[in-house]
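What follows is a single structure, written as structure tokens, with notes after it.
The values are calculated or read from the model by the stated rules, or taken from the named source; none is laboratory data. Being a predicted model, the structure only gives us computed values, none of them experimental. Here the Cβ is made from the backbone with ideal geometry for all residues, glycine too, and neighbour counts use every protein chain on show. In case anyone asks, the SASA skips ligands and DNA or RNA and just uses the protein heavy atoms, side chains included. Shrake-Rupley method; radii C 1.70, N 1.55, O 1.52, S 1.80 Å.
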Amino acid sequence: MHTGNYGDWSQYYRIHPAIDQILASWSEPQKIVVHKLVNKYGLPNETSSRRLIWHNNGPWKQTIVYLDTVPHNFPTPHLDFLKQTIDYKVPVELFDKVAQFDGSVYPDRTSGEVSAKCDKEEMNFLALNMVNEIVTGKRTVEGAKRFFAETAIKFHQGISSPFIEKFLFPKQTHTTDPDVRLF
């Protein structure tokens, strides 16, 4: 299985004794991503033997790096372990379209959030930018899948895109939906 080009973990310096101890038994891809996140956002706010969590780091409401991985074949085989969340209201009638686009994108109606889970932050930016394109009617599910795959191929070839660098839509607020009380 292709796990991406992460480089060699041994080239990185130690992060923090407690985090280094947690990461000692983790696989190299997660170690590389954690190192990149620490360099970009600082130390995680929460740690356990199975996950590291950042809150309100950069554009993200939450970032979690998991020890456990999930195989994912879109757009090419890789392992999902980096989950990043933003406040974003996906209309309930579009949940199916979001699921058809990418099974590793998770809208949460009650909390008013959407998360993307992949192996690279850039691909999470791309996935959530495509969710916005689907929600706003700029792309069909098929068009978003095709654009995602093309952009991911270019990224792996060293070609950047605004879609993998940041969110191309305004930050949303007041996105929660506590639903209707029945009793």
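For the reader, a short list of remarks on this structure follows.
- Across Lys40/Lys138; Lys83/Lys171; Lys120/Lys145; Lys40/Lys120; Lys36/Lys117, pairs whose alpha-carbon gap is larger than 25 Å: Lys40/Lys138
- Counting protein heavy atoms only, the chain has 52 percent of its accessible area on carbon and sulfur, 1.4 angstrom probe.
- Rg over Rh for the chain works out to 0.98, using Cα positions for both radii and the Kirkwood form for Rh.
- The stretch 64-127, relative contact order [Cα under 8 Å, separation at least 6], %: 33
- For the chain, the longest principal axis of the alpha carbon atoms and the long axis of helix 28-41 meet at an angle near 70°.
- Taking all protein chains as they are arranged and a probe of 1.4 Å, the heavy atoms of Ser27 leave approximately 60 Å² accessible to solvent.
- Rounded to 10°, Cα long-axis angle of helix 121-135 versus longest principal axis of the chain: 0
- Summarising the label geometry, the points placed 7 Å from Cα in the beta-carbon direction at Ile153 and Lys171 lie 3.6 nm from one another.
- In order along the stretch 45-57, phi translates into HN-Hα couplings of 7, 9, 9, 8, 5, 10, 6, 10, 10, 10, 10, 6, 9 Hz, rounded to whole numbers, per the Karplus curve 6.51 cos²θ - 1.76 cosθ + 1.60 with θ = phi - 60° and x for Gly and Pro.
- Summing Cβ point charges (Lys, Arg +1; Asp, Glu -1) relative to the Cα centre of the chain gives a dipole of roughly 240 debye.
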